[in-house]
1. Does residue 83 qualify as being surrounded by fewer than 16 Cβ atoms within 10 Å (Cβ to Cβ) and assigned to a loop (DSSP other than H, G, I, E, B)?
2. Could you check region 154-184 and list, in sequence order, the residues that are open to solvent by 10 Å² or more (accessible area, probe 1.4 Å) and either within 16 Å of the ligand (Cβ to nearest atom) or farther than 16 Å from residue 62 by Cα (or both)?
3. Pull up region 117-132, narrow it to residues that are surrounded by fewer than 24 Cβ atoms within 10 Å (Cβ to Cβ) and farther than 16 Å from residue 57 by Cβ, then point me to the one that is farthest from the ligand (Cβ to nearest atom).
4. Looking at 12, 4, can you tell me which residue is touching a residue at least 24 places away in the same chain (Cβ under 8 Å), open to solvent by less than 10 Å² (accessible area, probe 1.4 Å), of a type outside the set (Lys, Arg) and within 13 Å of the ligand (Cβ to nearest atom)?
5. Filter region 35-67 down to the residues that are touching a strand residue (DSSP E or B) at 6+ places or on another chain (Cβ under 7 Å) and within 10 Å of the ligand (Cβ to nearest atom) and list them by number.
6. Has region 81-102 got at least one residue that is in contact with a Ser or Thr (Cβ under 6 Å, 6 or more places away or on another chain) and farther than 22 Å from residue 194 by Cα?
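The values are calculated or read from the model by the stated rules, or taken from the named source; none is laboratory data. Here the structure is a predicted model, which means the values were calculated and not measured. All Cβ positions, even for glycine, are placed from backbone atoms using ideal geometry, and neighbour counts span all protein chains on display. Please note that ligands, DNA and RNA were not included when accessible areas were found on the heavy atoms of the full protein model with its side chains. Shrake-Rupley method; radii C 1.70, N 1.55, O 1.52, S 1.80 Å.
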Amino acid sequence: MRVGILGSGLMGAKLGTLFAHAGHDVTFSYSRSEQKLTRLAREAGENAQAGTPAEAAHDADALLLAVHWLRMDDVFRQVGDVSGKVIVTCSLPMNADNTELAIAHKSSGAEALAKRLPKARIVSAFNTVPSEVLFNVFASRRKATKPSLVFCGDDTRSKKVAAELIRDVGFDPVDLGPLRMARYTEPFALLVAQIAYEGTGGPEVAYRFERFGK
Ligand SMILES: NC(=O)c1ccc[n+]([C@@H]2O[C@H](COP(=O)([O-])OP(=O)(O)OC[C@H]3O[C@@H](n4cnc5c(N)ncnc54)[C@H](OP(=O)(O)O)[C@@H]3O)[C@@H](O)[C@H]2O)c1
């Protein structure tokens, strides 16, 4: 697939690199440093390039949205028309000082995004895992037992895309159902982050957390 990365920070840089290593054609975009985007593309290998958000979105089969909630207006102004686009969002609707969810309980960031971009195909994925563990999971992706990773959405095509990308990164994709399930996964993502960064077990605990079950 052609995957456009909107936001090339901790999540976007790592996931984009892994998508490129899994064989997808990746464009890194949206950073304050063009040099950083060029470096990321060079390090991710021959399947990757740097571009603007509009270039990342052009002909993309999927867009990974990995920006702070407050950057939403700016990034989509730069992207332009998103009609029919699959948008995989890992962005959490955090307040300015990252202390709490600005949208919660009766709605979610993913649902707010879908309302705001009604012609796009929104799927929520990757936000329940800390970026730190992603390379390790990818490196051990051929193991029989994979950590699971949840996703949710209302659009069949975007869910297929999300499941494929989740599998490529090394997780077992678990479809939770409709996009409104993000009301529960987004607070869960905060719990995972608290465990990872405030607890004693570090980010490793976080993906083990998703693995209860078989
Ligand atoms: N990090 C995690 O483990 C994690 C886990 C779950 C969910 N999330 C969610 O994923 C999203 C991204 O998180 P992150 O940790 O990857 O954030 P981040 O490292 O801060 O990356 C955000 C990206 O946005 C870019 N950006 C910020 N302001 C900009 C501006 N004015 N103009 C252009 N680009 C700008 C940053 O550019 P620079 O390259 O210049 O910094 C960076 O590439 C957030 O919504 C977060 O809640 C993160």
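1. yes
2. Matches in region 154-184: 172, 173, 174, 175, 176, 177, 178, 180, 181, 183, 184.
3. Applying the filter and picking the extreme gives 118.
4. 12
5. Selection gives 37, 40, 53, 64, 65, 66, 67.
6. yes
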